[in-house]
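Remarks on the structure that follows.
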Amino acid sequence: MVSVQKAQKIQGQKTPSITATMLTTTPDKGNARTEAALKRLRSAMTEIEADIAAHNGIYPFNHGRVTQSELCRRADVKKATLQNPLHKDSTRVEIMAWLDALNSTLLQTRDSTRERVTAVADNLAAEVERLTLANQLLQRQLEVAELLVSQLRQENAQLKR
């Protein structure tokens, strides 16, 4: 079980990938529904982190915002579940710490998200242009090499006669 102090310590971390240490709260007798909800929440946290990593630091859904409601939606867990006595002082605190750590690395306004997406798109456009030029250069080199091969084959054929 993660204490409130440990959750507060986690809030100060720069890396959002803290799901492995999170959501360890379980009752003395493992309730199957509780275990399933915790598993879905852990899975959703991992998926959200993967989405952010795959999209250059931008959360691709919910206008770039990651909230408790968004996590619950992704985990298919009702937000009210986090308010019950079992989760209120443990799981919810851990989720809030994870969200704080994650959101410290994300831009939160629509305008800043839009600007970041535009910057990423511009970088990708520049990368496409660079790759296109490199491809054209390689195509020219290939044509020159094929011309040389055909000339050498002709010379070889003349020498064999």
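Restricted to region 67-95, and to residues that are part of a loop (DSSP other than H, G, I, E, B) and modelled with pLDDT of 90 or more, which residue is surrounded by the most Cβ atoms within 10 Å (Cβ to Cβ)? Result: Val77. Output the residues belonging to region 46-55 that are modelled with pLDDT under 90 and exposed (fewer than 14 other Cβ atoms within 10 Å of the Cβ). Ala53, Ala54 - these are the residues of region 46-55 that are modelled with pLDDT under 90 and exposed (fewer than 14 other Cβ atoms within 10 Å of the Cβ). Within region 28-82, the residues that satisfy the criterion of being among the aliphatic types (A, V, I, L, M) and under 30 Å from Ala119 (Cβ atoms) are Ala44, Met45, Ile48, Ala50, Ile52, Ala53, Ala54, Ile58, Val66, Leu71. For region 65-82, state whether one or more residues are in contact with an Asp or Glu (Cβ under 7 Å, 6 or more places away or on another chain) and either of a type in the set (Val, Ile, Thr) or closer than 29 Å to Glu35 by Cα (or both). Checked region 65-82: at least one residue is in contact with an Asp or Glu (Cβ under 7 Å, 6 or more places away or on another chain) and either of a type in the set (Val, Ile, Thr) or closer than 29 Å to Glu35 by Cα (or both).
The values are calculated or read from the model by the stated rules, or taken from the named source; none is laboratory data. Bear in mind the structure is a predicted one, so any value in this text is a computation, not a measurement. Cβ coordinates were reconstructed from backbone atoms using ideal geometry, including for glycine residues, and neighbour counts include every protein chain displayed.
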